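See below for the structure under consideration.
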Amino acid sequence: MTIVKNKNDDDTLLVLARSMKHIKSMFPDCDMFIHPYADFQYRAFVDRRDVIKKMKSLITDMEYTDFTDIRDVTLNSVYSTANRDCYVQFIDERVN
């Protein structure tokens, strides 16, 4: 899931996801729409204050110490792959 500014309304943010359940789990009352050919096909405009409130609660209530603690097997695989790819791409910048 990603969140970006709504270019047409400063009071709402555009929430995008590859899975409908990711948006609905965070913002269950939102009106979602689908952009069928987009990378992030599930979308919703959400009030900026609601996004801030949700992000604040996620950070405040965070219990995991590492992204590998994520229970969703698919997401864990995606994050592990992304982490490995970033490690390889930036290996020359590691401190020896």
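The values are calculated or read from the model by the stated rules, or taken from the named source; none is laboratory data. Given the structure is predicted, the values throughout are model-derived calculations rather than measurements. Positions of Cβ are generated from backbone atoms using ideal geometry, with glycine treated the same way; all protein chains shown enter the neighbour counts.
The test for being surrounded by 15 or more Cβ atoms within 10 Å (Cβ to Cβ) and not in a strand (DSSP E or B) does not hold for ILE3. Listed by position, the helices (runs of 4 or more DSSP H) contained in the stretch 15-96 that have at least 2 residues being in the same structural domain as MET1 (by TED's automatic domain parsing) are 20-26, 48-60. Residues in the stretch 36-50 that are over 20 Å from LEU75 (Cβ atoms) and at pLDDT 95 or above were compared, and the one that is surrounded by the most Cβ atoms within 10 Å (Cβ to Cβ) is VAL46.
For the stretch 43-64, state whether one or more residues are out of contact with any Phe, Trp or Tyr (no Cβ under 6 Å at 6 or more places or on another chain), of a type in the set (Val, Ile, Thr) and farther than 30 Å from ASP10 by Cβ. No, there is no match, as no residue in the stretch 43-64 is out of contact with any Phe, Trp or Tyr (no Cβ under 6 Å at 6 or more places or on another chain), of a type in the set (Val, Ile, Thr) and farther than 30 Å from ASP10 by Cβ. Among the residues in the stretch 3-20, are any over 28 Å from ARG84 (Cα atoms), β-branched (Val, Ile, Thr) and at pLDDT 95 or above? Yes, some residue in the stretch 3-20 is over 28 Å from ARG84 (Cα atoms), β-branched (Val, Ile, Thr) and at pLDDT 95 or above.
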